[in-house]
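**Q** Sharing a structure here in structure tokens format.
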Amino acid sequence: MKDSLYTLVRQSKTDDNSLNTVIELFSPKIISSLNQTSQQDREDLSQEIKMKLLFCIKNYDVESIPGYFQMIEQLKKRENGRR
């Protein structure tokens, strides 16, 4: 069974294999984006992107993600604040 991205990010806080899996999941997008850059810069940019991805994964608080009903309430409050 494949783990969801949420589960992998959550596990990656303590498990390097999960962290590597997340990076592998993003690799096609990274490669696609790098194809828009000059050939000589791609390797350096790839490393920089992966380092940034590692930083974001390690520092992202997955426990702060609101549930469905919490999100609806937040959206209602935001909408009411704009009026």
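The values are calculated or read from the model by the stated rules, or taken from the named source; none is laboratory data. Please read all numbers here as calculations on a predicted model, not as lab measurements. Glycine also receives a Cβ, built like all others from the backbone with ideal geometry; neighbour counts cover every protein chain displayed.
**Q** Report yes if some residue within the range 14-24 is loosely packed, with under 10 Cβ neighbours inside 10 Å, at pLDDT below 95 and β-branched (Val, Ile, Thr); otherwise report no.
**A** yes
**Q** Restricting the search to the range 45-72, which residues are surrounded by 10 or more Cβ atoms within 10 Å (Cβ to Cβ), aromatic (Phe, Trp, Tyr) and either at pLDDT below 90 or not in a helix (DSSP H, G or I) (or both)?
**A** 60
**Q** Please find, within the range 3-13, the residue that is surrounded by the most Cβ atoms within 10 Å (Cβ to Cβ) out of those that are out of contact with any Leu (no Cβ under 9 Å at 6 or more places or on another chain) and among the charged types (D, E, K, R).
**A** Within the range 3-13, the match that is surrounded by the most Cβ atoms within 10 Å (Cβ to Cβ) is 10.
**Q** Here are the criteria: (1) surrounded by 10 or more Cβ atoms within 10 Å (Cβ to Cβ); (2) in a helix (DSSP H, G or I); (3) not hydroxyl-bearing (Ser, Thr, Tyr). Tell me which single one residue 79 does not satisfy.
**A** With respect to (1) surrounded by 10 or more Cβ atoms within 10 Å (Cβ to Cβ); (2) in a helix (DSSP H, G or I); (3) not hydroxyl-bearing (Ser, Thr, Tyr), residue 79 is out only on (1).
**Q** Residues being without any contact (Cβ under 8 Å) to a residue 12 or more places away in the chain, under 25 Å from residue 3 (Cα atoms) and among the polar types (S, T, N, Q): count how many of those fall in the range 17-46.
**A** 4
**Q** Restricting attention to the range 1-44, which residues are acidic (Asp, Glu), assigned to a helix (DSSP H, G or I) and within 25 Å of residue 61 (Cα to Cα)?
**A** Across the range 1-44, the qualifying residues are 16, 24.
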